[in-house]
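One structure is given here, and the rest of the page talks about it.
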Amino acid sequence: MNITLGVGIGSQQRPPAWSPSSSANLVLWLDARDLPLADGAAVASWPDRSGAGLAAAAVQATANYKPTFKTQLVGGGPITPAGLPAVYFSTDDWLSANGLAARFTGTDKPFTVAAVVRLAADAALSCLWGTGHATQTALYYLFAGLSPTNGKPYLLRVVNSNKAAGHPTGVGTAAAHVVLMDQGDTTPFNGRTQIDGGASSTADLSGLGAMPTQSLCTIGSINRGGTLAYPLNGYVCALAVYDRALTEPERATLAAYMKALAGTA
């Protein structure tokens, strides 16, 4: 699929008419170009441009947990070939968009998460997006992110016990990539992971029962029963979340859009 870049805005390029909101059920759309910040500034609020009205922004009020706006890599060099800025999440940074959490309460709730991301280090589970509850003593949460050993896209559903879907290939730390994870488009209830619009890897995530009420939705870390875990340690240029599983053509279009955005098409 060919997507021609549109008119430049400053030093950045924006793809033309199609956008993530062209597909229904977009509930969060974060683009680092929307942040009017200088390189190195703390990010207290990242505005949501989905139009869903569930969360005006992804926010962080505690200074020690605020991620950092970056126009280049820590140490220098472009984050993406297109020179996109990013929000950099170090090992203790995270943002919350808790208005989304209730959408993922119940049995086998579908979703799609897609992001332009670049790992800074590959050491442990790295959370892009997830839901949880601060006061539940048992572990109930959804996790979409990257696994250890070369940053393989990874979905994890935990309802006391857990099931996971992982990709056989990792994104590494040398370049930015488009990662896409979804669950619920097929029967049985499958999870799928994908890198840069390539082939999907699929695993059965069904049979875990109903997800209790989710009150937290976080980016850059996951809240496991009141304990934050799995910090991202990487750069996020853009993040889209849908409360349904996109169809195969929709996933292909979204991946192509994000690759054009990053300059990796």
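All of the numbers you see were taken from the coordinates with simple rules; none came from a lab. Since we're looking at a predicted model, the values are computed, not measured. Glycine gets a Cβ as well: all are built from the backbone with ideal geometry, and neighbour counts include every protein chain shown.
Note on the chain: with a GNM built from Cα contacts shorter than 10 Å, the maximum mean-square fluctuation among THR218, THR105, THR80 falls on THR105.
Nearest 5 percent is fine: what portion of the DSSP beta bridges confined to the range 122-239 is antiparallel?
Expressed as a percentage, antiparallel bridges in the range 122-239 total about 95.
For the chain, the relative contact order works out to 26 percent when only alpha carbon pairs closer than 8 Å and six or more residues apart are counted.
Here the calculated FRET efficiency for ALA174 and ALA124, from their Cβ-Cβ distance with R0 = 25 Å, stands at 0.85, rounded to the nearest 0.05. For LYS70, the aspartates and glutamates whose Cα comes closer than 19 Å to its Cα, not counting residues fewer than 8 places off in the same chain, are ASP31, ASP34, ASP39, ASP48, ASP92, ASP93.
Let me check I've understood the local charge: for TYR235, count other residues with C-beta under 14 angstrom from its C-beta, Lys and Arg +1, Asp and Glu -1. What total comes out?
-1
Among the listed options (1) 16.8, 51; (2) 26.5, 91; (3) 20.2, 60, the one matching Rg and Dmax of the Cα atoms in Å as calculated from these coordinates is (1). Calculated FRET efficiency, THR202 to ALA24, Cβ-Cβ distance, R0 = 22 Å: about 0.45 to the nearest 0.05.
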